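The values are calculated or read from the model by the stated rules, or taken from the named source; none is laboratory data. This is a predicted model, so every value here is computed, not measured. Every residue, glycine as well, gets a Cβ built from its backbone with ideal geometry; the counts of neighbours run over all protein chains shown.
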Amino acid sequence: MTSPYNEILTVTFTLFAVIDIVGSIPTLISIKQKSGGIKAWLATLVSGALMVLFLFFGAGFLKILGLDVRFFAVGGSIVIFLVGLEMVLGHEIFKAEKNAQASNMVPIAFPLIAGSGTLTTIISLKANYDDWIITMGILINLVVIYIGLLLLDPIERALGEAGLLAVRKFFGVILLAIAVKIFSTNLGAFGK
């Protein structure tokens, strides 16, 4: 029998891989530059609330709307694709929000941090783990997310303008690939 600590570690690392806060740093820096700043606590709080709410009510809510989790994943993948396209091409698709709080909600809290992949993973984890185990995994990831958001300025200074441009383009392509994968994996839902 697996110990609760091992289960928490498994859930934590699974969510860490899906959320990919490290891989999102170039996107977050780009959004920060356009919006004038990111409130780390607000983005963390909103994404955490989305994850916990989806853990307990997500499947039921989507069912009430007549939606399958796969439809949700396809919608999120389109937003992720557009963010990636913006990074690669250097053309603004998401207009900078005058209100910094709004940019902390979309696209930072959703879909970058608590996106369709994360929310779908949370529902999938419910099949194998207790809710409290998943909640602990979410909370640990929120600490990592908060620290990552706080360190955006030092990372930006370390990379410099040329380094940031190169990393942004590279991770833009990665985001495009992730979006295509989520989209193609869940596209079969439309035939049902």
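Listed values, structure above:
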item: Matching residues in the stretch 139-165 - criterion: being touching a helix residue (DSSP H, G or I) at 6+ places or on another chain (Cβ under 9 Å) and over 12 Å from ILE29 (Cα atoms); result: LEU139, ILE140, ASN141, LEU142, VAL143, VAL144, ILE145, TYR146, ILE147
item: The stretch 158-192 - residue that is of a type in the set (Gly, Ala, Ser) and at pLDDT 80 or above and, of those, surrounded by the fewest Cβ atoms within 10 Å (Cβ to Cβ); result: ALA162
item: Condition check for PRO154: under 26 Å from VAL180 (Cβ atoms), out of contact with any Lys or Arg (no Cβ under 6 Å at 6 or more places or on another chain) and either modelled with pLDDT under 80 or not acidic (Asp, Glu) (or both); result: no
item: Options ILE78, ILE31: the member that is touching a helix residue (DSSP H, G or I) at 6+ places or on another chain (Cβ under 8 Å), among the aliphatic types (A, V, I, L, M), more than 14 Å from GLY117 (Cα to Cα) and assigned to a helix (DSSP H, G or I); result: ILE31
item: Considering residues of the stretch 118-153 that are assigned to a helix (DSSP H, G or I) and small (Gly, Ala, Ser) only, the residue surrounded by the fewest Cβ atoms within 10 Å (Cβ to Cβ); result: SER124
item: Single residue of ILE174, ILE155 found to be out of contact with any Cys (no Cβ under 9 Å at 6 or more places or on another chain), of a type in the set (Val, Ile, Thr) and within 15 Å of MET87 (Cβ to Cβ); result: ILE174
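Residues checked against (1) within 11 Å of ILE138 (Cβ to Cβ); (2) modelled with pLDDT under 90:
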residue	(1), (2)
THR2	no, yes
THR12	yes, no
VAL18	no, yes
SER24	no, yes
ALA43	no, no
VAL46	no, no
